Structures are given as structure tokens and as C-alpha cells.
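The values are calculated or read from the model by the stated rules, or taken from the named source; none is laboratory data. Because the structure is predicted, anything quoted here is derived from the model rather than measured. These area figures cover heavy atoms from the full protein model, side chains too; ligands, DNA and RNA do not enter into them. Shrake-Rupley method; radii C 1.70, N 1.55, O 1.52, S 1.80 Å.
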Amino acid sequence: PVTRRPGLLGRAVVQSGPLDARSPDEAAEITRRMAHELDVPATREAFAGVAPADLLAAQATALASGVPVIDDLGFHIAVDGDLVPEPMRDALRSGAADDVPLLIGVTSEEHLLWMGPTGVLDLINDETLQLVAARKGLDGAVDAYRRSRPDAPGHLLGRLLSDQLVRAPMVDVADARAGRRPGGAP
């Protein structure tokens, strides 16, 4: 369970952020890819010796080998048992920080942050949409989304993934907190 110093926060905002976390090994994948690109060990000390421009170039190269959200390549919070003892979603659902007023929100176009800059939105066709949706367990939702908002396949997939990865966890936390608070406010 999460232990918290009382009074550390007066109130909080959770906006557009994924509430999950990964194991240190999973979260380190991008670090390993960058280290490989830079030909240095994947350590803090080795990265500290690299010029900032070279770090940015290695980051761009490492991230270019995957598509954020679709294949989970990117930067993640790591559950380390100390600084991050459990994923934020689990902690908030179980009552951590219930005494702190919390504003929870998402935007209507979450997917544009991850998929827009890569240009992948225009590369996704109906076949790709169906394949990725099936891989993510969302294949049953494609037709419903298509009926409610007949977007291009890339935007449709982006909306599905945004709802699964960001919106649904936020609603889950808000509902859990509301169930424990007088008047039902998160």
C-alpha cells in the first residue's frame, strides 16, 4: 500500500495522463534502445556524458522504431517499490489520498499527442485498424465507434486506444473515489 505524508498536497489535478506503470525492466526498454543507438551502457553515468543534442537524436531514432500507444514503445513510470510503490490507478482506486480533492480530466483528442506527430494517422487503413484493434482486445468496439463517429481509420483507432488507455482508467478512478465520498464527488 501507498504511504503518504499528510499535508503534502492540498489538492491535485490528473489530466490526460495514463494511470498505469510498468516494471522497471519494461520501462527501461526505451533506455536500452537509446543506449544501443549511442553505443554506451544503459546507465545514468553513461547518459550524463552524452551531449544533449546526441541524446535527443538517439531518442528520436529509438522512438521511430515503434508507434507510441500502438506498440507501447515510449517512456513509462516504473513501479520500483520505493518511490513508486504501485501504479497510481491502483493506489487511487484503493483510497490513497482520498483526503485530497482531485480533479480528473481527459481531452477529446488524446490520440493526437501520440499519433499525430508520427504521421501514422494517415498510414492506418481499415485492415490495420482491425488488426491493431484485435491485438488490443478492441475489435468488438470498432463498429460501434464507426457508427458514432465515422472518422478515418487512423483517428478511429486513436479514439479507441485513447478511451482504453486514458479515459477508461480515469473514469474508473473517479467512480471508485466517488463511491467513498459524501455526495459522490471524486
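What's the extension gain from R181 to A134 if we count 0.36 nm per residue and subtract their Cα-Cα distance? Please report the intermediate quantities before stating the final value.
On the way: separation 47, 0.36 × 47 = 16.92 nm, distance 3.73 nm.
Additional length available on full extension: 13.2 nm.
I'd like to verify something in the chain: which complete DSSP H helices, judged by Cα projection on the helix axis, reach 15 Å or more and average at least -1.0 on the Kyte-Doolittle scale?
In the chain, the long hydrophobic H runs are 52-64, 168-180.
Please compute the contact order of segment 5-61 in relative form: average sequence separation of alpha-carbon pairs under 8 Å and at least six residues apart, divided by the residue count, as a percent. All intermediate terms of the calculation are to be shown ahead of the outcome.
Working: 21 pairs, mean separation 15.6, N = 57.
Once divided by the residue count of segment 5-61, the mean separation gives 27 percent.
Taking all protein chains in place and a 1.4 Å probe, what share, in percent, of the accessible surface of segment 47-186 do carbon and sulfur account for?
Carbon with sulfur: 58 percent of the solvent-accessible area.
So if each residue of separation counts as 0.36 nm, and I subtract the Cα-Cα distance between D143 and S108, what length gain in nm does that give? Numbers along the way, then the final one.
Values: separation 35, 0.36 × 35 = 12.60 nm, distance 1.93 nm.
Length gained between D143 and S108: 10.7 nm.
Probe of 1.4 angstrom, ligands and nucleic acids ignored: what's the accessible area per residue over the chain, in square angstrom?
On a per-residue basis, the chain sits at 59 Å².
Taking every pair of Cα atoms in segment 110-170, average 1/r, invert it to obtain the Kirkwood radius, and report Rg/Rh to two decimals.
0.93
For A78, what residues show an amide H to amide H distance below 5 Å, using hydrogens built from the backbone and excluding near sequence neighbours?
Amide H neighbours of A78: R22.
Mean residue ellipticity at 222 nm from the helices of the chain, using -39,500 (n - 2.57) per DSSP H segment of n ≥ 4 over the full residue count, to the nearest 500 deg cm²/dmol?
Values: 10 runs with 83 residues, N = 186.
Mean residue ellipticity, 222 nm, calculated: -12000 deg cm²/dmol.
Run the numbers on segment 38-186 and let me know its relative contact order in percent, using alpha-carbon pairs under 8 Å that are six or more apart.
About 24 percent, as a whole number.
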